[in-house]
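**Q** I have a structure I would like to understand better, so I am pasting it below and will then ask my questions one at a time.
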Amino acid sequence: MRKLFVILVLFLAASQVILSFSELRTLVETLRHAQWMFLLLGILLECVFVWLEGVIFWSLYRLIGLNDSLRRLFLIAVAANFVNIVAPSAGISWVATWVDHGRRNNQPAARISLAATLYLLLDYLAFMVILALGFIV
């Protein structure tokens, strides 16, 4: 059954690539004319953003009494961002990744949820600061 599911997914992915071949050609042409310095700067800034997200969770974990390595939390932050893009559910689907990570490491789900809630609070506060600066300008 799993092999059939994998074959079906690969078939659908291949058909999507074939059907959107002109879009891929446009993407390759755009990348060929792109300024690589800005492209690499964007990739670097995205890596810094995800690393900082891992650092924020590391500090929140320490605040609520959980211990985990910064490297592992960085990897979970990458996975959580991927899940948030692939399965959008009001921007909160990434919490399941953190709770699952906590369960695998025998950490209480309530504390992980508290860390996620604190992260959301900090995220919304930062957004409000940026929004206030936009209104002032």
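**Q** Name, by its number, the condition in (1) farther than 16 Å from Trp98 by Cβ; (2) among the hydrophobic types (A, V, I, L, M, F, W, C); (3) modelled with pLDDT under 90 that does not hold for Leu66.
**A** In the conditions (1) farther than 16 Å from Trp98 by Cβ; (2) among the hydrophobic types (A, V, I, L, M, F, W, C); (3) modelled with pLDDT under 90, Leu66 misses (1) alone.
**Q** Which condition does Phe82 not pass, out of (1) open to solvent by less than 90 Å² (accessible area, probe 1.4 Å); (2) under 26 Å from Pro108 (Cα atoms); (3) not acidic (Asp, Glu), if it passes all the others?
**A** Status for Phe82: all satisfied but (1).
**Q** While we're on this one: Which residues, counting only those in region 71-113, are among the β-branched types (Val, Ile, Thr), over 10 Å from the mean Cα position of the chain (by Cα), part of a helix (DSSP H, G or I) and farther than 15 Å from Gly54 by Cβ?
**A** Val95, Val99
**Q** Any residue in region 67-81 that is free of Cβ contacts under 8 Å to residues at least 60 places away in the same chain sitting within a Cβ distance under 9 Å of a residue that is open to solvent by 40 Å² or more (accessible area, probe 1.4 Å) and not in a helix (DSSP H, G or I)? List the pairs, counting only those 6 or more apart or interchain.
**A** Within 9 Å, the pairs are Asp68/Asn105; Arg72/Asn105.
**Q** Here's a follow-up. So, in region 116-137, of the ones that are open to solvent by less than 70 Å² (accessible area, probe 1.4 Å) and under 21 Å from the mean Cα position of the chain (by Cα), which residue ends up farthest from Asn67 (Cα to Cα)?
**A** Ala126
**Q** Helices (runs of 4 or more DSSP H) wholly in region 1-63 with at least 2 residues that are open to solvent by less than 70 Å² (accessible area, probe 1.4 Å), free of Cβ contacts under 8 Å to residues at least 12 places away in the same chain and closer than 19 Å to Asp123 by Cβ - which ones?
**A** Qualifying helices (runs of 4 or more DSSP H): 36-63.
**Q** Please pick out the residue among Ser93, Ser113 that is surrounded by 12 or more Cβ atoms within 10 Å (Cβ to Cβ), hydroxyl-bearing (Ser, Thr, Tyr) and closer than 16 Å to Trp58 by Cα.
**A** Ser113
The values are calculated or read from the model by the stated rules, or taken from the named source; none is laboratory data. Computed from a predicted model, the values in this text were never measured in an experiment. Cβ sites come from the backbone with ideal geometry, for glycine too, and all protein chains shown count toward neighbours. Note: areas computed on protein heavy atoms with side chains; ligands, DNA, RNA excluded. Shrake-Rupley method; radii C 1.70, N 1.55, O 1.52, S 1.80 Å.
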